[in-house]
1. Counting only residues that are among the charged types (D, E, K, R) and without any contact (Cβ under 8 Å) to a residue 40 or more places away in the chain, which one in segment 43-54 is nearest to Glu290 (Cα to Cα)?
2. What are the residue pairs meeting all of these: first residue in segment 178-197, first residue touching a residue at least 40 places away in the same chain (Cβ under 8 Å) and over 14 Å from Val91 (Cβ atoms), second residue buried (at least 21 other Cβ atoms within 10 Å of the Cβ) and among the polar types (S, T, N, Q), Cβ atoms under 8 Å, and 6 or more apart or on different chains?
3. From (1) part of a helix (DSSP H, G or I); (2) more than 16 Å from Met96 (Cα to Cα); (3) modelled with pLDDT of 95 or more, pick out the condition that doesn't hold for Val17.
4. Do any helices (runs of 4 or more DSSP H) lying entirely in segment 55-150 carry at least 3 residues that are of a type in the set (Lys, Arg), out of contact with any Phe, Trp or Tyr (no Cβ under 7 Å at 6 or more places or on another chain) and free of Cβ contacts under 8 Å to residues at least 12 places away in the same chain, and which ones are they?
5. So which residues in segment 247-267 are closer than 17 Å to Trp293 by Cβ and either part of a loop (DSSP other than H, G, I, E, B) or free of Cβ contacts under 8 Å to residues at least 12 places away in the same chain (or both), if there are any at all?
6. Could you say which residue among Ser118, Ser126 is touching a helix residue (DSSP H, G or I) at 6+ places or on another chain (Cβ under 6 Å) and of a type in the set (S, T, N, Q)?
7. In segment 45-66, how many residues are within 15 Å of Gly178 (Cβ to Cβ), surrounded by fewer than 19 Cβ atoms within 10 Å (Cβ to Cβ) and among the hydrophobic types (A, V, I, L, M, F, W, C)?
8. Return the pairs, sorted by first residue and then second, in which the second residue is buried (at least 17 other Cβ atoms within 10 Å of the Cβ) and of a type in the set (Phe, Trp, Tyr), the first residue lies in segment 211-233 and is part of a loop (DSSP other than H, G, I, E, B), the beta carbons are less than 6 Å apart, and the residues are 6+ apart or on different chains.
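The values are calculated or read from the model by the stated rules, or taken from the named source; none is laboratory data. Being a predicted model, the structure only gives us computed values, none of them experimental. Cβ coordinates were reconstructed from backbone atoms using ideal geometry, including for glycine residues, and neighbour counts include every protein chain displayed.
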Amino acid sequence: MFQKIFFVFFFFLTTVVAGCKAKQTELADGKQLYNIHCSGCHGVKGDGNGPMAKYLFPKPRDLTSGILKYRTTQGPVPADADILQTMKVGVPGTSMPGWDVLKQKDWKNLLAYVKMLSPRLARGSSGKTIDVPEEPKNKTTSAAAGKALYGNAGCVACHGVEGQGDGPAATALKDVWGNPVIPRDLTHGPLKWGNSGRDIYRSLWNGVPGTPMPAYGATFTGTQLWSLVHYIQSVQQKLPEGYDPSNPKRNLIKINSVAGELPDDCSAPAWQNIKSAPVFLKPLWSEKGEVEWVEVKALHNKKEAAFCLSWEDDQVNIGLTMSDAVALQFPVKPITNPVQLPYLGLGNPGNPVDVWLWKPQGAVQLSAVGVGTQRGGRADEQAVTGNGVYQDGRWTVVIKGPLEQRNPKATRFAPVGYLSFALWDADIPKQLGLHSFSEWMIYEMEGTPAK
């Protein structure tokens with residue numbers, strides 16, 4: 001009997017110890033990911049005061065408060081799945097990028113560490129899932145009722161008459177920490193917590209905690225909330241064809257294989273049958289008129305890669321000190337697991353990035369290991385070329401570079417790899433540097449065997 005009790009106790013003890021060790025490993029791995037990729041904005045302590053925070057608007061969220069913006073549940077604490085969804089897809093209209101490229105195990109580790117930063121998240125539990133009633137079938141009639149409700153409920157004060165985020169109160173709004181905030185332009189780009197009807201319904205029901213956006217779940221009926229949903233959808237500009245902000249495939253860039261020299265003009269025949277990939281950009285400092293989309297096509301001929309980049313810009317700027325510009329960023333080191341990616345903001349010490357930058361004066365290749373460290377190499381190491389045309393309110397730029405270089409600071413293309421994009425719009429006066437950027441994306445080279 002004693003022997004049986006001993007073995008039961010021993011099994012219980014070893015299970016508890018193993019569980020503690022697994023939790024410690026989970027938190028340690030999550031902390032490493034957080035420190036590299038998140039602390040630059042959210043701060044080492046999670047208080048929203050990272051070294052990049054002063055350059056960002058809206059400001060990064062204070063994670064220690066546990067007041068998170070988006071959830072599918074009732075009550076103050078979001079479900080784990082809601083926190084993960086925000087981290088995966090990012091927050092449109094802000095500098096928060098999505099991280100869909102990570103693997104499930106790494107998501108679990110990062111989630112555990114983020115929750116540990118806030119006692120509210122670590123100890124609390126999420127409430128019931130918000131009940132979303134059946135959607136009315138007559139959307140036209142519903143949208144008309146929603147338009148009237150939009151005006152009567154006071155939405156115009158912040159979001160404006162046309163939903164463009166320019167209401168009379170828009171410039172005076174602050175969050176619970178006293179930071180200025182801006183209402184989302186409902187007509188542009190993906191909305192902050194999803195574009196489906198159910199997503200918008202939940203956002204209206206819950207509001208946006210920590211901001212002036214109120215919760216309407218206890219104020220309006222389900223029918224009224226659906227009418228607002230349908231009105232919001234009626235004023236939205238259509239997203240690019242095939243673009244789904246919640247689909248990880250939004251992050252895929254296909255580099256098509258062609259024979260012969262790669263053209264440096266996007267109007268050349270080689271580009272015409274290539275489908276462009278819409279890339280959604282995040283602003284460092286959100287302002288009216290910011291560029292939200294860049295269309296990307298890519299080719300390779302087994303020696304070089306070429307990228308055709310096109311975006312709308314209502315004013316051309318080609319000055320020597322201030323000009324429009326676009327760049328591609330690649331990891332220098334081979335990446336076998338997304339956790340190895342450099343910091344999105346120009347890399348980090350020990351994990352450099354290779355930047356292909358185009359300006360109207362020409363293209364240049366830079367190396368960087370963090371913000372402010374970018375440097376150009378010797379003249380014989382400059383292997384990138386570029387050509388740009390501005391016509392009818394649109395820039396079209398081709399950037400080309402070799403698949404392999406002797407320069408140890410340059411990227412070497414693999415059958416599958418990673419890249420990101422950045423854009424400068426010089427006619428936005430408050431933003432003197434980089435204006436908008438993409439999250440890390442995956443490229444896939446056609447016609448090259450996987451290693």
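1. Let us first name the residues in segment 43-54 that are among the charged types (D, E, K, R), namely 45, 47, 54.
Add one more test, that the residue is without any contact (Cβ under 8 Å) to a residue 40 or more places away in the chain, and what stays is 47, 54.
Numbers: Asp47: 27, Lys54: 19 Å.
So, considering only residues that are among the charged types (D, E, K, R) and without any contact (Cβ under 8 Å) to a residue 40 or more places away in the chain, the one nearest to Glu290 (Cα to Cα) is Lys54.
2. Matching pairs, first to second residue: none at all.
3. Val17 satisfies all of (1) part of a helix (DSSP H, G or I); (2) more than 16 Å from Met96 (Cα to Cα); (3) modelled with pLDDT of 95 or more except (3).
4. Ranges flagged: none.
5. In the first step, residues of segment 247-267 are kept if they are closer than 17 Å to Trp293 by Cβ; the result is 247, 249-253, 266.
Across segment 247-267, the qualifying residues are Asn247, Lys249, Cys266.
6. Numbers: Ser126 fails: touching a helix residue (DSSP H, G or I) at 6+ places or on another chain (Cβ under 6 Å).
Going through Ser118, Ser126 in turn, just one is touching a helix residue (DSSP H, G or I) at 6+ places or on another chain (Cβ under 6 Å) and of a type in the set (S, T, N, Q): Ser118.
7. 1
8. Hits for this filter: Gly217/Trp205.
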